[in-house]
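This report concerns only the one structure given below.
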Amino acid sequence: MELKYEQILPKTKRPIVIIGAGGIVNDAHLPAYRKAGFEVFGITNRTRARAENLAKKFDLPRVFDTVEDAVAQAPDNAIYDLTLMPNQFVATLEKLPDGAPVLIQKPLGDYYAQTVEIIEVCKRKKLVAAVNCQLRFAPFINAARDMIESGAIGELYDMEVRVSVYTPWEIFPNVMYHPRLEIQQHSIHHIDLVRSFLGNPASVMAKTVRHPAKEMSSTRTNVILDYGDAMRALVSTNHDHNFGRQHQESFVKWEGTHGAIYARMGLLMDYPKGQPDLFEYCMVEGDNPPQWITVQIPGSWFPDAFIGSMSSLMRFVEGSADHLETSVDDVFQTMLIVEAAYASSDTGGVKPEYSQKVPDEQ
């Protein structure tokens with residue numbers, strides 16, 4: 001079976017202006033753009049030295065003192081790549097040219113009111129705004145989507161994302177003590193991924209909890225997404241499994257009436273070193289015993305998925321794609337599910353009626 005996993009590149013590669021010089025730019029954005037052959041026009045950061053270090057490492061031609069300087073020198077067809085924290089989005093978006101295309105780092109806000117404010121700025125300035133929910137574009141996700149959309153595994157009835165790893169949050173000091181750590185900063189990837197396959201759920205049931213020996217707000221989560229009585233959709237994450245790699249897990253699994261797909265997300269295992277990805281599928285044919293087939297899928301979540309999110313925006317702007325896949329309008333739905341998950345976690349489930357007496361023997 002030939003699987004379509006490669007990113008679809010734009011016909012015209014627009015120059016990119018990067019605003020922000022954090023670790024994700026070094027680890028994913030710039031390696032992705034270099035791999036895709038995208039032109040980075042220049043970079044700016046509040047601490048200029050960080051931008052200069054990245055410019056030197058990746059041979060970027062320009063470092064700007066401020067966002068205003070970057071905008072003033074940028075060509076008219078530039079795409080702006082915001083790699084900042086959400087509390088800096090609004091002020092930065094206000095400085096961009098009206099109508100400019102912009103890729104905004106996820107999450108689209110730290111809380112609902114901030115999300116609304118960000119979207120309002122994008123609408124008022126008529127920005128062509130997308131959100132970097134890049135897991136949708138990972139090569140193994142592209143391959144799975146191709147199989148599912150072709151009908152190869154029949155009617156989809158189960159989708160599960162499971163992560164049980166040890167995450168060294170100390171390498172993310174900007175979010176380590178975030179009051180909404182796990183869902184807002186991590187499981188949002190998986191929730192958005194499920195949405196990209198199944199659409200919006202009717203309801204959400206969730207519980208996110210902290211580690212008793214850590215100061216972080218939450219590090220483990222279960223989210224059940226309600227798609228009716230024939231579809232199970234589950235996101236289960238545990239970032240505290242610090243017991244070696246033997247029983248660590250990090251995968252997405254899809255099951256259908258004619259087959260199943262399993263994709264290991266190696267990036268999250270032994271992070272940041274990572275482990276190899278794995279893509280397997282199994283077809284059910286007559287009375288033949290199930291047999292899993294392994295397919296080598298080149299590329300991974302980092303950096304290849306970041307090619308996909310930027311390419312999607314470039315293709316929409318040039319008119320070769322009629323749908324902006326991670327538009328702010330679309331990702332707003334993901335943010336609503338995140339809000340619902342926190343509300344469900346805070347409210348709790350249905351309490352058993354423990355006050356009821358045990359029935360007497362008849």
Taking Arg180, is it assigned to a loop (DSSP other than H, G, I, E, B), among the charged types (D, E, K, R) and under 19 Å from the mean Cα position of the chain (by Cα)? yes
Give the stretch 293-338 a look and list any residue that's hydroxyl-bearing (Ser, Thr, Tyr), assigned by TED's automatic domain parsing to the domain that holds Ala100 and part of a helix (DSSP H, G or I), or say none. Ser309, Ser311, Ser312
Pairs needed: first member in the stretch 207-225, in contact (Cβ under 8 Å) with a residue 12 or more places away in the chain and of a type outside the set (S, T, N, Q); second member anywhere, buried (at least 18 other Cβ atoms within 10 Å of the Cβ) and assigned to a loop (DSSP other than H, G, I, E, B); C-beta distance under 8 Å; at least 6 residues apart or different chains. Val209/Ser218; Val209/Thr219; His211/Thr219; Met216/Leu181; Arg220/His239; Leu225/Pro201
Of these, Ala263, Ala152, Ala230, which one is touching a strand residue (DSSP E or B) at 6+ places or on another chain (Cβ under 6 Å), assigned by TED's automatic domain parsing to the domain that holds Tyr281, closer than 25 Å to Val284 by Cβ and assigned to a loop (DSSP other than H, G, I, E, B)? Ala230
So which residues in the stretch 72-87 are in a helix (DSSP H, G or I) and either within 20 Å of Leu324 (Cα to Cα) or touching a residue at least 12 places away in the same chain (Cβ under 8 Å) (or both)? Gln73, Pro86, Asn87
Count, please, the residues in the stretch 18-59 that happen to be part of a strand (DSSP E or B), touching a Pro at 6+ places or on another chain (Cβ under 9 Å) and more than 15 Å from Phe306 (Cα to Cα). 2
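Residue check: is Glu39 at pLDDT 95 or above and among the acidic types (Asp, Glu)? Step through it out loud before you land on a result.
Working: at pLDDT 95 or above: yes; among the acidic types (Asp, Glu): yes.
Judged against the criteria, Glu39 is a match.
Only one of these is of a type in the set (A, V, I, L, M, F, W, C), without any contact (Cβ under 8 Å) to a residue 40 or more places away in the chain and not in a helix (DSSP H, G or I): Leu108, Leu96. Name it.
Leu96
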Among (1) surrounded by fewer than 15 Cβ atoms within 10 Å (Cβ to Cβ); (2) assigned to a helix (DSSP H, G or I), the one test that Thr115 misses: (1)
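The values are calculated or read from the model by the stated rules, or taken from the named source; none is laboratory data. Because the structure is a prediction, the values reported are computed rather than measured. Positions of Cβ are backbone-derived with ideal geometry, glycine not excepted, and every protein chain shown enters the neighbour counts.
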